[in-house]
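One structure below.
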Amino acid sequence: MGVCVVVALAVGLYFLLQTNAATFPASRDKYKWPFSRYSIWNMPIGDRAQYESTGFKVTDLYHPGWENADGIAIGDNSIIAEDDVVSLNPSAPVKSANGYSVHIESHLSHDGNDWNGCAALLSADNKNEIVQGQVLSLSPGGNASWQYDYTNVENGGKVSLTGGGINGCHGGSGMSGLGGTIRAGELKGDQPIRHALKMVVWCYLYCSPANGGHRWPASKADSYYADRGAGWAFTIEATGEQAFWPGYYNGSKPNLTMGSLVALKPDEDLSWIQDPRVKKMAEALKYYGAYIVDDTVGDRYHFAFEPDAIEEFAAESIRPDKPRWPLGSEAFRTELMSVITKLHVVTNNSPTTIGGGGNPLVCLAPPFSNGTDDITTNPNGSVTEPSNCDSTSTPTPTPTPTPTPTPTPNSDADITGDGIVGVLDLAKLITNY
């Protein structure tokens, strides 16, 4: 009888695992999942990646009374959403942005006060290209303008949606305003995030000034990276205290600087995470990593989100009118902060070993359904993707017959207590029998 139960459970667990597996898409929309499959934003971490601890530390959570006259939170307020304004809808109204003709969704706005937030707008002249700039000023339904026009690339400052997508409007690194940005629905849907993220850190604590303060794929560092007098002086309104946060790069790890790729190690346990959004971000950090693209000039961490993705946090925010600062609930930030402290630098990320090189830990991005990949050769050379995830064709679903109902033990199927019903539970069950 015990053997029958074990066999029945084996069948049940197998089909449960098949059912729970995320379906890998056969193709993708360049407006929703842009850039080449070999872009830094889409290339997974490889099995030859070499890791070094970042030394990222926990900051205090948001202090409600610490705000300056502009209502911007002062102090150690943990985690903020970097609002990169993305508008890639080819049906959106055509507007002007610093002389460019672009598509801008009517509801989008930006007050021009966020020094890091930049804009990536679909060109109306060529719907395969984006135009970028920083710092964006935009009223709903209006034309856009920005302080710094990004023209330091080929083709008159425009960047292909199907190319490498490295360059862009982040002033600290010269990197993309689109790549690495969390889009609306990515944290709410049933699919994993299948691209790298973008982070902003306090470079005074973490960014090394070595080698000009940057490394590939960043093309630059902040202009003040070596200026030991640089920083931000402010008054804490609640106390009247005068404070100063240094702005120059003072990190001690040469591999960690502007443009560095940081990631969780492949064996990092994520089973403790309760918030499904944190779990998604952590999985993206394990399989794709995040690029350091700007400086917070303050003791906090930023992740890049488009505005509509930030609004998904409004209901739980202590500042519903400005949910990006700080981002989400205290519980959300606490879990995400714990993930951040486990990040490592991928020390061997390079133009020919993107993500550290070797075989990718997860599937490469599938072909475009509405465009042609501008890059046809993998700069990492010949690689082998994981089994059963051929990204050049539609995966064949495994038929799932309905197993005959059988008695099961009274204990939960999650025998190992790791939050996952899987092979380890079956192995332990067999041992017990």
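The values are calculated or read from the model by the stated rules, or taken from the named source; none is laboratory data. Just so we're clear, the structure is a prediction, and the values are computed from it rather than from any experiment. Positions of Cβ are generated from backbone atoms using ideal geometry, with glycine treated the same way; all protein chains shown enter the neighbour counts.
What pairs can you find where one residue is in segment 271-300 and on the phi > 0 side of the Ramachandran plot, the other is at pLDDT 95 or above, and their Cβ atoms are less than 7 Å apart, with a gap of 6+ or different chains?
So the pair list comes out as GLY289/ILE45; GLY289/ALA196; GLY289/LEU261; GLY289/VAL262; GLY289/ALA263; GLY289/VAL346; GLY289/GLY355.
Take the residues in segment 173-207 that are crowded, with 24+ Cβ neighbours inside 10 Å and small (Gly, Ala, Ser); name whichever of them is nearest to GLU283 (Cα to Cα).
Here the residue is ALA196.
Picking from ALA226, ALA233, ALA221, ALA304, which residue would you name as being outside any helix (DSSP H, G or I), among the aliphatic types (A, V, I, L, M), touching a strand residue (DSSP E or B) at 6+ places or on another chain (Cβ under 6 Å) and surrounded by fewer than 22 Cβ atoms within 10 Å (Cβ to Cβ)?
Being outside any helix (DSSP H, G or I), among the aliphatic types (A, V, I, L, M), touching a strand residue (DSSP E or B) at 6+ places or on another chain (Cβ under 6 Å) and surrounded by fewer than 22 Cβ atoms within 10 Å (Cβ to Cβ) holds for just one of ALA226, ALA233, ALA221, ALA304, which is ALA233.
I'd like to know if segment 175-188 contains one or more residues that are out of contact with any helix residue (DSSP H, G or I) (no Cβ under 9 Å at 6 or more places or on another chain) and either within 20 Å of GLY298 (Cα to Cα) or not in a loop (DSSP other than H, G, I, E, B) (or both). Steps first, please.
Quick first cut of segment 175-188, residues out of contact with any helix residue (DSSP H, G or I) (no Cβ under 9 Å at 6 or more places or on another chain) only: 175-180.
So of that shortlist, the ones also either within 20 Å of GLY298 (Cα to Cα) or not in a loop (DSSP other than H, G, I, E, B) (or both) come out as 175.
Yes: one or more hits.
Under the condition of being touching a helix residue (DSSP H, G or I) at 6+ places or on another chain (Cβ under 9 Å), among the β-branched types (Val, Ile, Thr) and farther than 22 Å from GLY177 by Cβ, which residue from segment 236-290 is surrounded by the fewest Cβ atoms within 10 Å (Cβ to Cβ)?
Among them, the one singled out is ILE273.
So ALA49 fits all but one of (1) modelled with pLDDT of 80 or more; (2) surrounded by fewer than 19 Cβ atoms within 10 Å (Cβ to Cβ); (3) at negative phi; what number is the exception?
Single failed check for ALA49: (2).
Would you be able to tell me the number of residues in segment 238-290 that are farther than 21 Å from TYR206 by Cα, outside any loop (DSSP other than H, G, I, E, B) and of a type in the set (Val, Ile, Thr)?
Qualifying residue count for the region: 1.
Of everything in segment 104-122 that's surrounded by 22 or more Cβ atoms within 10 Å (Cβ to Cβ) and in a strand (DSSP E or B), which residue is farthest from the chain's Cα centre (by Cα)?
LEU122
Residues in segment 190-198: is at least one within 24 Å of LYS342 (Cα to Cα), hydrophobic (A, V, I, L, M, F, W, C) and out of contact with any Asp or Glu (no Cβ under 6 Å at 6 or more places or on another chain)?
Yes, because at least one residue in segment 190-198 is within 24 Å of LYS342 (Cα to Cα), hydrophobic (A, V, I, L, M, F, W, C) and out of contact with any Asp or Glu (no Cβ under 6 Å at 6 or more places or on another chain).
Out of the residues in segment 189-215 that are over 15 Å from TYR291 (Cβ atoms) and either in contact (Cβ under 8 Å) with a residue 60 or more places away in the chain or part of a strand (DSSP E or B) (or both), which is nearest to the chain's Cα centre (by Cα)?
Only one residue fits best here, namely ARG194.
Hey, LEU61 hits all of (1) touching a Pro at 6+ places or on another chain (Cβ under 8 Å); (2) surrounded by 14 or more Cβ atoms within 10 Å (Cβ to Cβ); (3) in a loop (DSSP other than H, G, I, E, B); (4) at pLDDT 80 or above but one; which does it fall short on?
So LEU61 meets the others, but not (4).
Within segment 333-352, is there a residue that is at pLDDT below 90, surrounded by fewer than 20 Cβ atoms within 10 Å (Cβ to Cβ), of a type outside the set (A, V, I, L, M) and at negative phi? Show your work before the answer.
Step one: list which residues in segment 333-352 are at pLDDT below 90, which gives 333-334.
Next cut, surrounded by fewer than 20 Cβ atoms within 10 Å (Cβ to Cβ) only: 334.
This time we only want the ones that are of a type outside the set (A, V, I, L, M), so: 334.
Subset that is at negative phi: 334.
Yes; the residues of segment 333-352 include at least one that is at pLDDT below 90, surrounded by fewer than 20 Cβ atoms within 10 Å (Cβ to Cβ), of a type outside the set (A, V, I, L, M) and at negative phi.
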